Amino acid sequence: AQRVTQPEKLLSVFKGAPVELKCNYSYSGSPELFWYVQYSRQRLQLLLRHISRESIKGFTADLNKGETSFHLKKPFAQEEDSAMYYCALSVGSFNKFYFGSGTKLNVKP
Amino acid sequence: DVKVTQSSRYLVKRTGEKVFLECVQDMDHENMFWYRQDPGLGLRLIYFSYDVKMKEKGDIPEGYSVSREKKERFSLILESASTNQTSMYLCASSFMSGVQPQHFGDGTRLSIL
């Protein structure tokens, strides 16, 4: 079965500190992974996808197939990064997604 | 820019009522999805559709049905609303070919009293 695990419900860091939001997946095929972000009172929006290997708003994520992980990292957190973050796994020909339970990031001043 | 529009931001209904949630997308996407979003549970897929009049059950279809009569519109129907269906409902759409990101609407916060 496909499954996405985000072990932390809440992560609090100070502004300027590094941040890592964890995501582990379980999938027997070749994984296609995404990170989505939801700022307060806004719609869920795509942050990045692993195949593009780009950095968005200073965030990066590397797929580690050995550890079945796709952790989201940023070297210096900003207050505006405070939001809910979801990791998602795309499965099958219908582009069906499985989402993790989400991690709320709180960046303190 | 992709636009996914959900008809209501907030909705209050009573138990036993038949409830319709509407979603429209303007990007000619083949795929459309309905999720419910609950704290601590993330997003769970209710139903999805990959073409007009085609539908597939997601992980939690019980108590729900869907309708897709036109490519741009995907409706979620609560046949007989119950209090445990109080939730945030999100609609999403995507292209079918290849691995594509899903694009989300603003959500409908539904309360069943």
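The values are calculated or read from the model by the stated rules, or taken from the named source; none is laboratory data. Model, not experiment: these values are computed from the prediction. Note that we place each Cβ from the backbone using ideal geometry, even for glycine, and neighbour counts take in every protein chain shown. For the accessible areas, the whole protein counts, side chains as well, though only heavy atoms, and no ligand, DNA or RNA atoms are used. Shrake-Rupley method; radii C 1.70, N 1.55, O 1.52, S 1.80 Å.
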- Query: Any idea which of A:F76, A:L105, A:N24 is furthest toward the positive side of the dipole for chain A, if Lys and Arg beta-carbons carry +1 and Asp and Glu beta-carbons -1?
  - Reply: A:L105
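Can you list the trypsin sites (Lys or Arg not before Pro) in segment A:13-106 that are in a DSSP coil and have 12 or fewer other beta carbons within 10 angstrom?
Working: sites: A:K15, A:K22, A:R41, A:R43, A:R49, A:R53, A:K57, A:K65, A:K73, A:K96, A:K104; in loops: A:K15, A:K22, A:R41, A:R43, A:R53, A:K57, A:K65.
Here the sparse-neighbourhood loop sites are A:R41, A:R53, A:K57, A:K65.
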- Task: Apply the Karplus parameterisation 6.51 cos²θ - 1.76 cosθ + 1.60, with θ equal to phi minus 60°, to every residue of segment B:91-97 and state each ³J(HN,Hα) to the nearest whole Hz, in sequence, with x for glycine and proline.
- Result: 9, 9, 9, 7, 6, 8, 6
- Note on the structure: Rounded to the nearest 5, the percent of DSSP beta bridges in chain A running antiparallel is 85 percent
- Query: Which value, in Å², gives the accessible area per residue of chain B when a 1.4 Å probe is used on the protein heavy atoms?
  - Reply: 47 Å²
- Which ³J(HN,Hα) values in Hz, rounded to whole numbers, follow from the phi angles of segment B:11-24 under the Karplus curve 6.51 cos²θ - 1.76 cosθ + 1.60, where θ = phi - 60° and Gly and Pro get x? 8, 10, 9, 10, 4, x, 6, 8, 10, 10, 10, 10, 9, 10
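At a 1.4 Å probe radius, carbon and sulfur cover how many percent of the accessible area of chain A?
Numbers: 2720 of 5460 Å².
Reported share for carbon and sulfur atoms: 50 percent.
May I ask which of A:K9/A:K73; A:K9/A:K57; A:K22/A:K57; A:K9/A:K65; B:K3/B:K55; A:K73/A:K108 have a Cα-Cα span longer than 20 Å here? The partial results should precede the final answer.
Numbers: A:K9/A:K73 16 Å; A:K9/A:K57 22 Å; A:K22/A:K57 18 Å; A:K9/A:K65 23 Å; B:K3/B:K55 22 Å; A:K73/A:K108 17 Å.
Cα-Cα > 20 Å for A:K9/A:K57; A:K9/A:K65; B:K3/B:K55; rest within.
Take the Cβ-Cβ distance between B:M96 and B:D26 as r, set R0 to 22 Å, and report the resulting FRET efficiency rounded to the nearest 0.05.
On the way: r = 17 Å, r/R0 = 0.76.
E between B:M96 and B:D26, to the nearest 0.05, is 0.85.
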- Message: Looking only at the protein assembly as shown, where both bridge partners belong to it, what percent of the DSSP beta bridges are antiparallel (to the nearest 5)?
- Response: 90 percent
- Item | Those residues of segment A:54-68 whose amide nitrogen sits under 14 Å from the label point placed on A:Q78, 7 Å along Cα→Cβ | A:56-60
- Buried accessible area between A and B, both sides, 1.4 Å probe, in Å² rounded to 100, is 2000 Å²
